[in-house]
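Please read the structure below before turning to the comments.
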Amino acid sequence: FDDQMKYLRDNGFTVVTFDDVSAYFQNGTPLPGKPVMITLDDGWENQYIYAFPILKKYKYPGIFYVYPNAIGVKHFLTWSELKEMIAGNMIIEDHTQSHPELPKITDAAILKNEIAGSKEILEKQLGIRVMDFAYPFGAHNDQSVQAVVAAGYRTARTVHTGTKADSSAPYTIDGIIITGDFNRFVSLVN
């Protein structure tokens, strides 16, 4: 991960956030050349142990998508670690309440709780506004997208491989899953 972050720095990439992308969508505020976002899903403890210090080292804002039911569970982040990460300029966003495959949920109340309920918990526990969402497993359907919109999120990210993000589809933003394969990383970011 350190090598990957160093590569971004040494090769003219600029790490941006959804604030930057939203300003671009809404006002036409230009994005810097070679913009990338760094997002980490699920809230695993190893993200605090390994990724957080490296992101701080490079002064990169990481976007961590967490789900409340896992917070404080063995091998997952704690509330205090999340607060420390926020103080360290990391961004905490929502990944549902229990990490289900959203298209499999047919009960509207359960879907609403997974999407809006988790947002409410994160905002209350962390004292922040939660504006962005990531679909667990990248899986979504019309009902889950509508629930994300109704809950007041400004964006939602999938894991459909791609780099396209435009204002016509802010609730199905593509992403790229990165692994520890450095050569693959270089190929994908370029």
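Within region 23-44, restricting attention to residues that are surrounded by 15 or more Cβ atoms within 10 Å (Cβ to Cβ) and not hydrophobic (A, V, I, L, M, F, W, C), which residue is farthest from Ser168 (Cα to Cα)? Among residues in region 23-44 that are surrounded by 15 or more Cβ atoms within 10 Å (Cβ to Cβ) and not hydrophobic (A, V, I, L, M, F, W, C), the one farthest from Ser168 (Cα to Cα) is Gly43.
Taking each residue of region 6-27 that is closer than 24 Å to Ala156 by Cβ and looking for partners that are of a type in the set (Asp, Glu) and open to solvent by less than 50 Å² (accessible area, probe 1.4 Å) with beta-carbon atoms closer than 6 Å, six or more apart or interchain, yields Phe18/Asp132. For region 61-83, the criterion of being closer than 16 Å to Ile178 by Cβ, part of a loop (DSSP other than H, G, I, E, B) and touching a helix residue (DSSP H, G or I) at 6+ places or on another chain (Cβ under 9 Å) is met by no residue. For region 95-121, the set of residues classified as among the hydrophobic types (A, V, I, L, M, F, W, C) and either closer than 21 Å to Thr39 by Cβ or assigned to a helix (DSSP H, G or I) (or both) consists of Leu102, Ala108, Ala109, Ile110, Leu111, Ile115, Ala116, Ile121, listed by residue number. Going by the structure shown, is Ser80 over 19 Å from Arg154 (Cα atoms), modelled with pLDDT of 95 or more and either out of contact with any Gly (no Cβ under 8 Å at 6 or more places or on another chain) or not charged (D, E, K, R) (or both)? Taking the combined requirement at face value, the residue satisfies it. Residue pairs, Cβ under 9 Å, 6 or more apart or interchain, first in region 33-50 and in contact (Cβ under 8 Å) with a residue 60 or more places away in the chain, second loosely packed, with under 15 Cβ neighbours inside 10 Å. List them. So the pair list comes out as Val36/Thr14; Val36/Thr163.
Residues of region 122-136 that are among the hydrophobic types (A, V, I, L, M, F, W, C) and over 18 Å from Met37 (Cα atoms): Leu122, Leu126, Ile128.
Taking first residues from region 66-91 that are within 24 Å of Val15 (Cβ to Cβ) and partners that are among the aromatic types (Phe, Trp, Tyr) and part of a helix (DSSP H, G or I), the Cβ contacts under 7 Å between residues at least 6 apart in sequence or on separate chains come to Leu77/Tyr48; Glu81/Tyr48; Met85/Tyr48; Met85/Phe52; Gly88/Phe52; Met90/Phe52.
For region 122-156, taking the residues that are in a loop (DSSP other than H, G, I, E, B) and among the β-branched types (Val, Ile, Thr), the one that is surrounded by the most Cβ atoms within 10 Å (Cβ to Cβ) is identified as Val130.
With respect to Ser187, is the statement that it is hydroxyl-bearing (Ser, Thr, Tyr), assigned to a helix (DSSP H, G or I) and exposed (fewer than 13 other Cβ atoms within 10 Å of the Cβ) true? Yes.
The values are calculated or read from the model by the stated rules, or taken from the named source; none is laboratory data. What you see is a predicted model, and the numbers here were worked out from it, not measured in a lab. Using ideal geometry, Cβ is built from the backbone for each residue, glycine included, and neighbour counts are taken over all protein chains shown. Protein only, heavy atoms only, side chains kept; ligands, DNA and RNA dropped before computing areas. Shrake-Rupley method; radii C 1.70, N 1.55, O 1.52, S 1.80 Å.
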